[in-house]
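Beneath this line is the structure, given in structure tokens, with notes to follow.
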Amino acid sequence: MAAKVVSGARCRVFIGDNTTPIGIFNSISYGLTYDAAPVFILGRFSAAEIDYTAQEVVGITCSGWRVLDHGPHADGAVPHLQDLLNVDYLTMHVDDRLTGKTIASFVNVRATGYTTTISARQLEEVTVNFVGILVSDEDKDGNSEAVGSTILPQT
């Protein structure tokens, strides 16, 4: 029987197409935060309720070893400065290579930058930061805006 607990050795990170995993990352972290605001009414000291007001963008951080010819602009999908006006959104997902299931998928993703660390007696590390609009886990219903939500005009 296969182990149910996922480990790093089982995970693969994909950026863009679903065919080539990005082989330079040794860790990925991501998080989702909802904004919630208290509702205060006259005649009460505490909040009457707490309502959701928004979802922040999903923060995604990928770290790995710096491999020559496979840096943040090449494999990390960080656009060059001169290309910012024409860069399309990215998609990303993390798969479990044992079961083939998608652990997390991210849509409408933008690379926002990277940092590099070079130290004596250490391997060079690179960290690429991304933000995305939506994240979904293995829940088959996904995570999306409700039907009828307002969208930007199409050009």
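The table below gives the values:
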{"quantity": "Residue list for the stretch 115-128, restricted to those being surrounded by 18 or more Cβ atoms within 10 Å (Cβ to Cβ) and either at pLDDT below 90 or more than 12 Å from Trp65 (Cβ to Cβ) (or both)", "calculated": "Val128"}
{"quantity": "Which numbered condition Met92 fails, given (1) part of a loop (DSSP other than H, G, I, E, B); (2) surrounded by 14 or more Cβ atoms within 10 Å (Cβ to Cβ); (3) among the hydrophobic types (A, V, I, L, M, F, W, C)", "calculated": "(1)"}
{"quantity": "Members of the stretch 53-74 that are hydroxyl-bearing (Ser, Thr, Tyr) and either within 28 Å of Val94 (Cα to Cα) or out of contact with any strand residue (DSSP E or B) (no Cβ under 8 Å at 6 or more places or on another chain) (or both)", "calculated": "Thr61, Ser63"}
{"quantity": "Tally, over the stretch 126-155, of residues that are assigned to a loop (DSSP other than H, G, I, E, B) and under 13 Å from the mean Cα position of the chain (by Cα)", "calculated": "1"}
{"quantity": "Any hit, the stretch 81-95, residues being of a type in the set (Asp, Glu), without any contact (Cβ under 8 Å) to a residue 40 or more places away in the chain, out of contact with any strand residue (DSSP E or B) (no Cβ under 9 Å at 6 or more places or on another chain) and under 21 Å from Arg10 (Cα atoms)", "calculated": "no"}
{"quantity": "Verdict on Arg66 being in contact with an Asp or Glu (Cβ under 6 Å, 6 or more places away or on another chain), among the charged types (D, E, K, R) and within 24 Å of Ser29 (Cβ to Cβ)", "calculated": "yes"}
{"quantity": "Qualifying residue in the stretch 73-96 (condition: in contact with a helix residue (DSSP H, G or I) (Cβ under 8 Å, 6 or more places away or on another chain) and under 30 Å from Tyr34 (Cα atoms))", "calculated": "yes"}
{"quantity": "In the stretch 30-73, residue surrounded by the fewest Cβ atoms within 10 Å (Cβ to Cβ) [restricted to those that are of a type in the set (S, T, N, Q) and either within 15 Å of Ile133 (Cα to Cα) or modelled with pLDDT of 95 or more (or both)]", "calculated": "Ser46"}
{"quantity": "Any hit, the stretch 84-102, residues being within 18 Å of Ile22 (Cβ to Cβ), in contact with a His (Cβ under 8 Å, 6 or more places away or on another chain) and among the β-branched types (Val, Ile, Thr)", "calculated": "yes"}
{"quantity": "Condition check for Ser105: in a strand (DSSP E or B) and either more than 14 Å from the chain's Cα centre (by Cα) or crowded, with 16+ Cβ neighbours inside 10 Å (or both)", "calculated": "yes"}
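The values are calculated or read from the model by the stated rules, or taken from the named source; none is laboratory data. This is a predicted model, so every value here is computed, not measured. Counting neighbours? That spans all protein chains shown, and the Cβs are built from the backbone with ideal geometry, glycine included.
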